[in-house]
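Working notes for the structure below.
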Amino acid sequence: MTHQEKITGLGELTLTPVAPDRDAALLHGWVTLPRNSFWGMGSHTLDEVREIYAFVDGLPTHHAYLIMIDGEPVGLFQSYQPEADPVGERYAVQSGDVGMHLLLNPPRQLARGLTDAVGPALARFLFRDPAAQRIVVEPDVRNRLALRRLEIEGFTFDAEIDMPGKRAQLAFLTRSRFESDHPASI
């Protein structure tokens, strides 16, 4: 376990590093669902998903976590250093930038309120590192739900950029903006 946080009205949120052999089948089931097409792995086989997360697991710059609520897997969270990622070739990376990807796939009984609670919890996790000053995201420009969620969470939209396999919306959440929206939460 990497991080644990009690979320009022939802339960205990835990971030656990992805273990590619243990978690490949679960992740494959999520990333291949049509509603998760923006993740970009819809046609991947189970072995390909395992290989991708084994590769990520071997990188010192990228990390993948299962998001659990009271022990129930509800999503996949990835953090990365933008300078070691294709996104870093498409904008001026600043010291203190940290990238993230989020895929939520909760069971129906946990869906209500999950998105509202998980975003701030993940930001708190990333901002635990005093060097982290800005969260960087780059969702597909067609992913209207993600873009709306980023707006609600206080992200500032920047340029649209071309990423491998997608046209992406670059967006940032600064530590100061997060702290002003969520006082005393770090």
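The values are calculated or read from the model by the stated rules, or taken from the named source; none is laboratory data. The shown structure was predicted, so the numbers you read here are calculated from the model rather than taken from an experiment. Counting neighbours? That spans all protein chains shown, and the Cβs are built from the backbone with ideal geometry, glycine included.
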Residue selected from region 21-41 under the condition more than 20 Å from residue 163 (Cβ to Cβ) and assigned to a loop (DSSP other than H, G, I, E, B), by the criterion modelled with the highest pLDDT:
32
Kindly indicate whether any position in region 113-120 is in a loop (DSSP other than H, G, I, E, B) and within 16 Å of residue 36 (Cα to Cα).
no
Selection count where residues are out of contact with any helix residue (DSSP H, G or I) (no Cβ under 8 Å at 6 or more places or on another chain) and among the β-branched types (Val, Ile, Thr), scope region 104-151:
1
Could you please tell me which pairs satisfy a Cβ distance under 7 Å, a separation of 6+ or placement on different chains, a first residue in region 50-68 that is without any contact (Cβ under 8 Å) to a residue 24 or more places away in the chain, and a second residue that is not aromatic (Phe, Trp, Tyr)?
62/56; 62/78
Could you grab me the full set of residues in region 43-66 that are out of contact with any Leu (no Cβ under 6 Å at 6 or more places or on another chain), surrounded by 13 or more Cβ atoms within 10 Å (Cβ to Cβ) and either β-branched (Val, Ile, Thr) or not in a helix (DSSP H, G or I) (or both)?
44, 52, 56, 59, 61, 62, 63, 64, 66
Cβ-Cβ under 8 Å, sequence separation 6+ or interchain: first residue in region 90-107 and outside any strand (DSSP E or B), partner surrounded by fewer than 16 Cβ atoms within 10 Å (Cβ to Cβ) and among the small types (Gly, Ala, Ser). Which pairs?
91/159; 95/131; 96/131
Criterion violated by residue 69 - all others in (1) under 23 Å from residue 2 (Cα atoms); (2) modelled with pLDDT of 95 or more; (3) surrounded by 19 or more Cβ atoms within 10 Å (Cβ to Cβ) satisfied
(2)
Considering only region 69-89, how many residues are assigned to a loop (DSSP other than H, G, I, E, B) and touching a residue at least 40 places away in the same chain (Cβ under 8 Å)?
2
If a residue must be of a type in the set (Ser, Thr, Tyr) and loosely packed, with under 15 Cβ neighbours inside 10 Å, how many such residues does region 1-36 contain?
2
Any chance you could count how many residues in region 104-161 are more than 16 Å from residue 78 (Cβ to Cβ) and among the acidic types (Asp, Glu)?
5
Restricting to region 42-57, name every residue that is in contact with a helix residue (DSSP H, G or I) (Cβ under 8 Å, 6 or more places away or on another chain) and of a type in the set (Ser, Thr, Tyr).
45, 53
